[in-house]
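What follows is one structure encoded as structure tokens, with my remarks underneath.
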Amino acid sequence: MKAFIATCAALVASVLIGLPAMANEGVKLDRAPISPTDAASLQAGARTFVNYCLNCHSAGLVRYNSLKAIGLTEAQIKENLLFTGQKVGDMMNVAARAREQREWFGNAPPDLSVEARTRGVDWLYTYLRGFYRDPNTATGWNNRVFPNVAMPHAMWSLQGVAEGHTETVRIEGEEHHELVIGAAHGGSMNSVQYDQTVADLVNFMGWMAEPHAIERHNLGYLVLIVLSILILLTYLLKASYWKDVH
Ligand code: HEC
């Protein structure tokens, strides 16, 4: 029994300590400059997601026609977002199969439906801007928040290529290895445009993970207003009941 309790305690402790560690692995995350109510940003993000991510990853919990909620019409979804042979009622799935992908990359690309809830939007924003060239990996790419990731830089044609190398620095007599990443060059976007593209994409991934977040917030306010009115009415009722007692 004691051993069982000790195992449970160790498990809970490792989850509590492990989760935040997994979330950023010691790298300082950049805050994602997103605004979840900005329909134009969500739509731009959806386009980037379909064009640059969906060929490897799926978003199996999301149907194309649910994108109407971010202001797209059925015609726009059909014209801009569907791959050949897909219907607007379909889930956002990929053609490539998981087993083949595992063979290509060594790891299967996970489903991204709720990724923004798993990792957080800041992690995603930093990760998608954190790829650099590394000749020592299988894909030739590495990432500053996800060391040795099996994913190649999917948007390198937009951001360009950044070179990275490790420098050894001495801090208070101790040697530290520091990753130094240069500015990206050769992409079709400048760094401001690329950051904006990633922010829109992450905004969309946040929406995808929690499509009803905004409605839920608004509903919360409505509930508070109704409750306040009820409290006021209850108070007035009480006052009227007790009026003659005193
Ligand atoms: C060429 C295929 C490919 C494309 C395109 C691609 N990915 Fe990936 N992605 C992968 C693979 C493979 C992994 C698994 C990496 C690993 O576990 O080492 C991965 C992992 C990830 C992860 C980390 C998952 C986790 O929590 O462990 C995120 C986030 C992600 N991809 C987002 C994206 C986004 C956003 C796009 C579009 C801009 C994209 N990917 C495009 C192949 C791809």
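Structure data summary
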quantity	calculated
Cβ-based charge dipole, segment 109-246, positive-most Cα from Phe131, Leu201, Met155	Leu201
Under Karplus coefficients 6.51, -1.76 and 1.60, residue-wise ³J(HN,Hα) of segment 151-160 in Hz, glycine/proline x	8, x, 6, 5, 10, 5, 5, 7, 7, x
Stretch in the chain that is longest and holds no trypsin sites (Lys or Arg not before Pro) that DSSP places in a loop and that have at most 15 other beta carbons within 10 Å	98-242
Solvent accessible area, Å² - Ser188, 1.4 Å probe, full protein context	90
Accessible area per residue in Å² at 1.4 Å probe, computed on segment 148-246	71
Under 17 Å from Lys87, Cα to Cα: lysines that are on another chain or at least 8 residues apart	Lys68, Lys78
Under 5 Å, built H, 5+ apart or other chain: amide partners of Glu163	Arg133, Gly182
Cβ-based charge dipole, the chain, positive-most Cα from Val192, Ser113, Gly220	Gly220
Kirkwood Rh and Cα Rg combined as Rg/Rh, segment 34-76	0.95
Selected from Leu230, Pro36, Tyr241, residue furthest toward positive end of dipole (the chain; charges at beta carbon)	Tyr241
HN-Hα J in Hz across segment 170-183 - Karplus 6.51, -1.76, 1.60, θ = phi - 60°, x for Gly and Pro	9, 10, 6, x, 9, 7, 10, 9, 10, 7, 10, 10, x, 6
Whole-percent carbon and sulfur share, accessible surface of the chain, 1.4 Å	60
Cα-projected label distance for Lys87 with Glu103, points at 7 Å along beta-carbon direction, nm	3.1
Total charge dipole magnitude, the chain, about the Cα centre, Cβ charges on Lys, Arg, Asp, Glu only, Debye to nearest 20	820
Value at 222 nm in deg cm²/dmol, rounded to 500, when DSSP H runs of n ≥ 4 in the chain each add -39,500 (n - 2.57)	-14500 deg cm²/dmol
Local electrostatic count, Thr168, Cβ distance below 10 Å [Lys/Arg +1, Asp/Glu -1]	-2
For segment 154-196: rounded, prolate or oblate by the Cα gyration tensor [a/c cutoff 1.5]	prolate
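The values are calculated or read from the model by the stated rules, or taken from the named source; none is laboratory data. Since this is a predicted model, take the numbers as computed values, not measurements. Don't worry about glycine lacking a Cβ; one is built from the backbone with ideal geometry, like all the others, and counts go over all protein chains shown. Keep in mind that these areas ignore ligands, DNA and RNA; they rest on the heavy atoms of the full protein, side chains included. Shrake-Rupley method; radii C 1.70, N 1.55, O 1.52, S 1.80 Å.
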